[in-house]
Structures are given as C-alpha cells and as structure tokens.
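Undergrad: Sharing a structure with you now.
The values are calculated or read from the model by the stated rules, or taken from the named source; none is laboratory data. Just so it is clear, the structure is predicted and the values come from calculations on it, not from any experiment. Cβ atoms come from the backbone with ideal geometry, glycine included; neighbour counts cover every protein chain shown. Side chains are part of the model used for accessible areas, which takes the heavy atoms of the whole protein and leaves out ligands, DNA and RNA. Shrake-Rupley method; radii C 1.70, N 1.55, O 1.52, S 1.80 Å.
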Amino acid sequence: MTAMTLYGLKTCDTCRKAGKALDNAGHDVDFVDLREMKRLDEKIPVWIDAVGAERVLNTRSTTWRGLTETEQAMTRSRTGLEALLLAHPALIKRPVVEAEGRVHVGWNEEVRSALGL
C-alpha cells in the first residue's frame with residue numbers, strides 16, 4: 001500500500017495508536033521522532049504552509065501551558081512560531097502524517113478518513 005511518514009513522539013499514545021492503525025491497514029509507515037529529527041527546521045514551514053499555523057500548534061499540551069506569556073505571544077508571528085516549534089517540538093500537534101504529497105495533522109475522524117481508514 002501507500003508509503004507514509006508519521007512524525008510524532010515515541011511517548012505519545014496518539015502517535016502509537018496512529019502508527020498501529022496505519023500499519024494494520026497495510027501502509028508502509030516510517031516513524032520519525034520529532035525530538036530526534038535532524039532537519040525539523042525544514043519541515044515546520046512545509047507543514048504550516050500545508051495546513052496552517054493553527055493546525056500545527058498544539059495549545060492543549062502541557063508544554064504550551066508551561067510557556068510564559070511572552071513565549072506564547074511569539075506564535076503571533078510566523079518567524080516566532082517556527083522558532084518556538086523548533087525549540088519545543090512537543091508543541092507540534094501530533095501526529096503529522098505525510099502521504100502522497102499531502103500533510104495531515106492530528107488523529108481525528110477527518111484525518112483517518114483522508115488516509116483511507
């Protein structure tokens with residue numbers, strides 16, 4: 001079936017669930033841990049362009065709640081947002097799935113349907 005890249009965190013239950021579902025559906029899934037990724041700075045702008053900043057930024061995370069107001073305000077500019085996501089990969093909504101030239105963020109019914117699950 002389709003080759004996909006799933007970007008997430010090893011410790012993220014949703015990422016593990018997504019990887020298992022995609023694997024069980026017969027997809028060839030490569031998992032990339034965001035914290036260990038070497039060229040995250042190149043991917044973040046691609047994801048923002050594809051789905052929008054509001055879809056990429058995870059404002060429900062513990063990491064977000066731990067930021068100062070000044071750091072949270074950085075997300076109002078594209079440059080600030082990219083810098084914050086690079087400094088704190090856990091702020092990236094997970095999982096990010098790249099498949100067939102498209103980017104999908106999160107693991108809701110819309111994403112599962114788009115991925116043929």
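Undergrad: Please give the per residue accessible area of the stretch 28-117, computed with a probe of 1.4 Å over protein heavy atoms only, in Å².
TA: The answer is 59 Å² per residue.
Undergrad: Run the reach check for residue 17 against lysines, Cα to Cα strictly under 17 Å, same-chain hits fewer than 8 apart removed. What comes back?
TA: Counting by Cα, and skipping residues close in sequence, residue 17 has these lysines nearby: 93.
Undergrad: On to the next question. Taking springs between alpha-carbon atoms closer than 10 angstrom, which of 80, 66, 19 fluctuates most in the Gaussian network model of the chain?
TA: In the Gaussian network model the winner is 66.
Undergrad: Give the cross-link partners of residue 43 among the aspartates and glutamates, using a straight C-alpha distance below 14 Å as the criterion and excluding same-chain residues fewer than 8 apart.
TA: Answer for residue 43, where 14 Å is the Cα cut-off: 33, 82, 98, listed by chain and number.
Undergrad: Round to a whole number: what % of the accessible area of the chain belongs to carbon and sulfur, probe 1.4 Å?
TA: Values: 3140 of 6760 Å².
In the chain, the share of accessible area belonging to carbon and sulfur is 46 percent.
Undergrad: Helix-derived [θ] at 222 nm for the chain: sum -39500 (n - 2.57) over DSSP H runs of at least 4, divide by residue count, nearest 500?
TA: That calculation yields -12000 deg cm²/dmol at 222 nm.
Undergrad: Can you give me the three principal axis dimensions of the stretch 20-69 from its C-alpha atoms, in Å, biggest first?
TA: Principal axes ranked by extent give 44, 23, 22 Å for the Cα atoms.
Undergrad: Additional query: Below 8 Å between Cα atoms, with a sequence gap of 6+, how large is the relative contact order for the stretch 62-108 in percent? Please report the intermediate quantities before stating the final value.
TA: Numbers: 30 pairs, mean separation 11.4, N = 47.
Once normalised by length, the contact order is 24 percent.
Undergrad: Which of the trypsin sites (Lys or Arg not before Pro) across the stretch 11-117 are loop residues per DSSP, with 14 or fewer other Cβ within 10 Å?
TA: Numbers: sites: 16, 17, 20, 35, 38, 39, 43, 55, 60, 65, 76, 78, 93, 102, 112; in loops: 35, 38, 39, 60, 93.
When the trypsin sites (Lys or Arg not before Pro) of the stretch 11-117 are filtered for loop state and at most 14 Cβ neighbours within 10 Å, 35, 38, 39, 60 remain.
Undergrad: Counting residues in the chain as N, plug N into 2.2 N^0.38 Å and put the Cα Rg over that result.
TA: 1.04
Undergrad: Please identify every one of the GluC sites (Glu not before Pro) in the stretch 77-117 that sits in a loop by DSSP and has no more than 16 other beta carbons within 10 Å of its own beta carbon. Write out the running numbers ahead of the final one.
TA: Values: sites: 82, 98, 100, 109, 110; in loops: 100.
When the GluC sites (Glu not before Pro) of the stretch 77-117 are filtered for loop state and at most 16 Cβ neighbours within 10 Å, 100 remain.
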